[in-house]
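Below: one structure, written as structure tokens.
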Amino acid sequence: DVKVTQSSRYLVKRTGEKVFLECVQDMDHENMFWYRQDPGLGLRLIYFSYDVKMKEKGDIPEGYSVSREKKERFSLILESASTNQTSMYLCASSPGTVNYEQYFGPGTRLTVT
Amino acid sequence: EDQVTQSPEALRLQEGESSSLNCSYTVSGLRGLFWYRQDPGKGPEFLFTLYSAGEEKEKERLKATLTKKESFLHITAPKPEDSATYLCAVQAGTALIFGKGTTLSVSS
């Protein structure tokens, strides 16, 4: 079974803090993704990566950055957390160019106060 | 613009009462349509991939079908444990575009 793990299930941070969210997958997938999910807005893509050290902006990259130094690990960084970044953050991975189904981690519920 | 619309937003069923969820899409060149199940507070769980019109996939009480403009998720004789939010997504490049989901509640 594909397993995607995220470093924290719940996180509370203060406004202005730098926040790191970590994601690890164990299936040697090329592609990795970060989404945020908010009521009424659905899943929105923040960033994705199709290879080590490669990254592409999604629909809402402002206020976020990412890092992928190893194939299995994809980090989301909130440079200076703000209250409007309070959300559920979901990491996903998918194989290369043949199958595109994405496998999701359990999510991190981030609250910025 | 690529777009996915799911209906209804919410659906309440009695146990055993079959129904269907709808996913309408507009995308330039469909490369795949995906169904996911999401339980409260958890990440989406992959259910099905459909690639071409006329294709069908089944898993237990769930059956997904695809036409050129929409997909249906048919739920036959649902049970309370089928209660969840069901998400539909279409492939656009490497990324997926998700609908907002249908929240299904099945009561006994």
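Report, ordered by chain and residue number, the aspartates and glutamates lying within cross-link reach of residue A:71, taken as a straight Cα distance under 19 Å and ignoring same-chain residues fewer than 8 apart.
Straight-line reach from residue A:71, under 19 Å: A:1, A:22, A:26, A:28, A:30, A:51, A:56, A:101.
Compute, for chain B, the length of the dipole vector about the Cα centre, with Cβ point charges of +1 (Lys, Arg) and -1 (Asp, Glu) only. Units Debye, rounded to 20.
Value, rounded to 20: 120 debye.
Amide H of residue B:55: which non-local residues (sequence gap of 5 or more, or other chain) have their own amide H closer than 5 Å, using H built in the peptide plane?
Answer set, sorted by chain and number: B:66.
For chain B, set up a Gaussian network in which alpha carbons nearer than 10 Å are linked by springs, and say which option among B:25, B:86, B:51 fluctuates the most.
Top of the fluctuation ranking is B:51.
Taking each pair of distinct Cα atoms in the range A:9-54 once, what is the resulting Kirkwood hydrodynamic radius in Å?
About 13.1 Å, per the Kirkwood formula over Cα pairs.
Using a cut-off of 17 Å between alpha-carbon atoms, which lysines can reach residue B:79, once sequence neighbours fewer than 8 places away in the same chain are excluded?
Answer for residue B:79, where 17 Å is the Cα cut-off: B:59, B:63, listed by chain and number.
Given charges of +1 on the Cβ of Lys and Arg and -1 on the Cβ of Asp and Glu, with all other atoms neutral, how large is the dipole of the range B:1-44 about its Cα centre, in debye to the nearest 20?
140
Which residue, B:26, B:85, B:65, has the most motion in a Gaussian network model of chain B that connects Cα atoms within less than 10 Å?
Result: B:26 has the largest fluctuation of those listed.
May I ask you to evaluate 6.51 cos²θ - 1.76 cosθ + 1.60, the Karplus curve with θ = phi - 60°, for each residue of the range A:46-52 and list the ³J(HN,Hα) values in order in whole Hz, giving x for glycine and proline?
Computed from phi, the couplings for the range A:46-52 are 9, 8, 9, 9, 10, 5, 4 Hz.
Averaged across A:55-62, how many Cβ atoms of other chains sit within 10 Å of each residue's Cβ atom?
Average per residue, whole number: 1.
Picking from A:26, A:59, A:51, which is most flexible by a Gaussian network model of chain A using Cα springs under 10 Å?
A:59
Using modelled backbone amide H atoms (1.01 Å from N, in-plane), which distant-in-sequence or interchain residues come within less than 5 Å of residue A:31's amide H?
Long-range HN contacts for residue A:31: A:94.
Give me the base-10 log of I(q)/I(0) for the protein assembly as shown at each q in 0.08 Å⁻¹, Debye formula, one uniform scatterer per Cα, rounded to two decimals.
Debye curve over Cα of the protein assembly as shown, log10 I(q)/I(0) at q = 0.08 Å⁻¹: -0.29.
Given N residues in chain A, what is Rg(Cα) / (2.2 N^0.38 Å)?
That ratio works out to 1.00.
List the equivalent ellipsoid semi-axes of the range B:1-59 in whole Å, largest first, each obtained as the square root of 5λ for an eigenvalue λ of the Cα gyration tensor.
The answer is 22, 15, 14 Å, longest axis first.
Considering all alpha-carbon pairs of chain B, what whole percent are spaced by more than 22 angstrom?
Cα-Cα pairs of chain B separated by over 22 Å account for 25 percent.
Over what distance in Å are the Cα centres of the range B:26-51 and the range A:1-28 separated?
About 22 Å separates the Cα centre of the range B:26-51 from the one of the range A:1-28.
If you wrap a convex hull around the C-alpha atoms of the range A:58-113 and split its volume per residue, what is the figure in Å³?
Spelled out: Cα convex hull of the range A:58-113, divided by residues, is 101 Å³.
What are the ³J(HN,Hα) values, in whole Hz, obtained from phi via the Karplus relation 6.51 cos²θ - 1.76 cosθ + 1.60 with θ = phi - 60°, for each residue of the range B:98-108 in sequence order, with x given for Gly and Pro?
9, x, 7, x, 10, 8, 9, 10, 10, 10, 8
Could you work out the mean count of beta carbons from other protein chains within 10 Å of each residue's beta carbon in A:30-38?
Average per residue, whole number: 2.
Under 5 Å between amide hydrogens, which residues at least 5 positions from residue B:84 or on another chain qualify, with H placed 1.01 Å from N in the peptide plane?
B:104
Just so you know, all these numbers are worked out from the coordinates, no wet-lab data involved. Keep in mind it's a predicted model, so treat the numbers as computed, not measured. Don't worry about glycine lacking a Cβ; one is built from the backbone with ideal geometry, like all the others, and counts go over all protein chains shown.
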